[in-house]
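The values are calculated or read from the model by the stated rules, or taken from the named source; none is laboratory data. Just so you know, these numbers come straight off a predicted model, no measurement behind them. Ideal geometry is used to build each Cβ from the backbone, glycine not excepted, and the neighbour counts take in all protein chains shown. Side chains included, ligands, DNA and RNA excluded: accessible areas come from the protein's heavy atoms. Shrake-Rupley method; radii C 1.70, N 1.55, O 1.52, S 1.80 Å.
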Amino acid sequence: MNIAKSLLALAAGLATACAAHAGATIAELAPRHTLFAAGVDSVAGARAAFERTTLHDLWKNERVRAFVIATVKESAIDTSDINDVLAEFLDTDDVPLPGGALGFAYFLDEPDRPNADEPFVAHFLFVADYADDANADEAWEAIDDAIERAAARRALERTPSEHAGVEITTIRPDYERLDEMAGREEDDDTPWWERKPTLVERDLPKAFHIARVGGAMIVCTSAMRLHDAIDRLEGVDAGPTLRDNEDYTRALAQLPAGASAHAAFLLRASREAMQGFDDDAVGNILYSAIPGLWMLTDSLGPMMDALGLNELLAASAGLRLDTPDAAAELSYAALVPTKRGALSLLDVPARPFTLPAFVGPDATGVSLMRIDFPAIPRIVREVVMAMPEDERDEMMGQLEFVLQQAEPLLGALGGELMTVERVERPFSADSKRAFYAIPTNEPQTFIHALGMLGQLIGLAPRDFQGNQIWEAEFPPVTVGIGFGHVFIGDTPSVESAMRQAGAADVPTLGAEERFTRAVRSLGREGTFFTYSDTRTAVEYAAWVAANMDSVFLERIRAMGFEREMDPETYDRILRSMRESQPKSLELFPPAEDIVRHLGDTAAEVRPTDDGFAGRWLLLHPQR
């Protein structure tokens, strides 16, 4: 993909690390107080692993590539306007990919010069290890020429300097000039909900500092941290690095070895960084990022603590390619040694992923979460009690009645929530069906509660094969009690599950080879599992892309008031739905182009002494 290639190529050109110098990984160069870091320890190794998988074959399909590129261009992460400007100065084909490490770090620092309006500044550090002087020479020459061409066209200002004998190039882009070159103006007449912000409107770095050390390069938006990275590459101690951050090393230690790529979000470092800077400045950033946060200003901290979220120290992820079990394996973990508050709800005994009889062979997806339901009211009360007194009293007055009604129901639930999905064939706009199932040892508690609530929310009871079902017309929901479970979903799904549960010797998904093959690669026990049938998911997505009008009509019907619409309103809503859909759907590739390269998916989560850890597997396709 051009965007991915551009990013990697630019990273290669604007960042440096070299095999001749030790410690050219992001962990050895980034500051200890880094908030987010991602890296590839060997670009050449990761590329070779990718090319061994069927994902590489999938990417070579022109129709698949065209669809992905069109989808990205329509998304919020579209950088095509920037790419078009960069293409005037830099041909990415002239910049070879690094063979060694590639890494990125994001951190907060005081500004290079004191500034009362900016008590701290967000910075990034990018490093690429070419592991080959010839490739590094080629990349540096291409980047240097591009900077010269951009400077000649007044797109940036270039300033040379040096540190410890290493030449540094600082570039200060003229974003207004770049917008002009891209044909982007701030007073664009395009409606606000369609237009993308100009470069001037985006919060982009004011300066980029670039250096080459031996056969490699680095780019950083902080001159001070670039100097530190240069010193470290030259073997000089420049203070603690990310490698010295215990949260970082413990977070990555939760992942399987041999990851082609890895990332870590250091939550404790983020909280400490926020506490160390001016409250107003931090607040302004948070308020702009999270609408409505101002309403919780006084209560947010205590609520986070009551929920136990302050115990989260870090989150990490790692990607392995071409493993014995899967084409791709994404591992993930949360570093939270003390599990309290909401996190304690998930700290329950791990058990095997076994499916009950009501999960039929037509199921296309199933997930199982183990959770301590009876403890939910206690956690809710603790969170409310952590709020300021005036807010607490008002909230508790509203909640206490609800909690008292809910406690017997939650206490009667078993410790599992199962979600079962199926897609009916032949495909139609309402083919997707789903239901939820929760075990219970006290069905009479639910029968009594539903009898009381039924009159309030429109649930009408009826018998079904010796058990009971409650139905509501709008919203369309059905609740069934029987076979040791509470079933919730649409009527056909609930009836099908109860019929399946009551039958003897019927086929089940748990006995299907596709399911047993998928879960064979997972751990023996866990607290969360999922399985998904990739072929059905892709085939149905392709049908939806080709039959959007049918989907729109079903959405209008599901609103429940299509009979009251006059033809003009009906047509206007339908037309609006059509116009809101991504044009890229018109390029959705034939399903077979995709599914022949992909296997089913499965995932797991399990509690550990250090928190939680799990894996998501994209299996090799069956041949």
Hits in segment 493-511 - residues which are at negative phi and open to solvent by 60 Å² or more (accessible area, probe 1.4 Å): Arg499, Ala504, Pro507, Ala511
Hits in segment 507-556 (condition: charged (D, E, K, R) and closer than 20 Å to Leu368 by Cα): Glu512, Glu513, Arg514, Arg517, Arg520, Arg524, Glu525, Asp533
Candidates Phe515, Phe427, Phe435, Phe474, filtered to the one that is over 20 Å from Gly365 (Cα atoms) and aromatic (Phe, Trp, Tyr): Phe474
Thr516 vs. criteria among the polar types (S, T, N, Q), under 24 Å from the mean Cα position of the chain (by Cα) and at negative phi: no
Segments classed as helices (runs of 4 or more DSSP H), wholly inside segment 528-619, with at least 3 members that are touching a residue at least 40 places away in the same chain (Cβ under 8 Å): 534-546, 548-558, 591-595
Residue within segment 383-403 that is over 30 Å from Glu539 (Cβ atoms), touching a residue at least 12 places away in the same chain (Cβ under 8 Å), open to solvent by less than 30 Å² (accessible area, probe 1.4 Å) and over 32 Å from the mean Cα position of the chain (by Cα) present: yes
Ala437 vs. criteria touching a helix residue (DSSP H, G or I) at 6+ places or on another chain (Cβ under 6 Å), at pLDDT 90 or above, of a type in the set (Gly, Ala, Ser) and buried (at least 16 other Cβ atoms within 10 Å of the Cβ): no
Residue check, Glu329 of a type in the set (Asp, Glu) and over 26 Å from the mean Cα position of the chain (by Cα): no
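Quick grid of which residues meet (1) out of contact with any Cys (no Cβ under 8 Å at 6 or more places or on another chain); (2) at pLDDT 95 or above; (3) closer than 17 Å to Thr608 by Cβ:
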site: Asp305; (1), (2), (3): yes, no, no
site: Asn310; (1), (2), (3): yes, no, no
site: Ala314; (1), (2), (3): yes, yes, yes
site: Glu329; (1), (2), (3): yes, yes, no
site: Leu343; (1), (2), (3): yes, no, yes
site: Val348; (1), (2), (3): yes, no, yes
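Name the residue, out of Val359, Val366, that is open to solvent by less than 20 Å² (accessible area, probe 1.4 Å), closer than 28 Å to Glu442 by Cα and part of a loop (DSSP other than H, G, I, E, B). It would help to see each step written out before you state the result.
Numbers: Val366 fails: part of a loop (DSSP other than H, G, I, E, B).
Matching residue, one of Val359, Val366: Val359.
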Neighbours by Cβ (under 9 Å, 6+ apart or cross-chain): first from segment 454-476, at pLDDT below 90; second open to solvent by 90 Å² or more (accessible area, probe 1.4 Å) and charged (D, E, K, R): Gly458/Glu473; Ala460/Glu473; Gln465/Arg499
Flag for Leu86 being assigned to a helix (DSSP H, G or I), at pLDDT below 75 and open to solvent by 20 Å² or more (accessible area, probe 1.4 Å): no
Segment 320-330 - residue that is out of contact with any Phe, Trp or Tyr (no Cβ under 6 Å at 6 or more places or on another chain) and surrounded by fewer than 20 Cβ atoms within 10 Å (Cβ to Cβ) and, of those, nearest to Ser521 (Cα to Cα): Asp325
Residue in segment 413-423 that is among the charged types (D, E, K, R), touching a residue at least 40 places away in the same chain (Cβ under 8 Å) and closer than 20 Å to Thr536 by Cα present: yes
Restricting segment 584-623 to residues that are within 16 Å of Ser367 (Cα to Cα) and β-branched (Val, Ile, Thr), the residue that is surrounded by the most Cβ atoms within 10 Å (Cβ to Cβ): Val605
Selection within segment 151-168 - open to solvent by less than 60 Å² (accessible area, probe 1.4 Å) and over 35 Å from the mean Cα position of the chain (by Cα): Ala151, Thr159, Ser161, His163, Val166, Ile168
Condition broken by Met387, with the remaining ones in (1) at pLDDT 85 or above; (2) assigned to a loop (DSSP other than H, G, I, E, B); (3) among the hydrophobic types (A, V, I, L, M, F, W, C) satisfied: (1)
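Hey, among the residues in segment 538-583 that are among the small types (Gly, Ala, Ser) and either more than 21 Å from Glu74 (Cβ to Cβ) or open to solvent by less than 50 Å² (accessible area, probe 1.4 Å) (or both), which one's modelled with the lowest pLDDT? Spell out the reasoning first.
Initial filter on segment 538-583 (among the small types (Gly, Ala, Ser)): 541-542, 545-546, 550, 558, 560, 576, 580.
Next, from what is left, pick out any that are either more than 21 Å from Glu74 (Cβ to Cβ) or open to solvent by less than 50 Å² (accessible area, probe 1.4 Å) (or both): 541-542, 545, 550, 558, 560.
Working: Ala541: 95, Ala542: 96, Ala545: 92, Ser550: 83, Ala558: 69, Gly560: 61.
If we take residues in segment 538-583 being among the small types (Gly, Ala, Ser) and either more than 21 Å from Glu74 (Cβ to Cβ) or open to solvent by less than 50 Å² (accessible area, probe 1.4 Å) (or both), then Gly560 is modelled with the lowest pLDDT.
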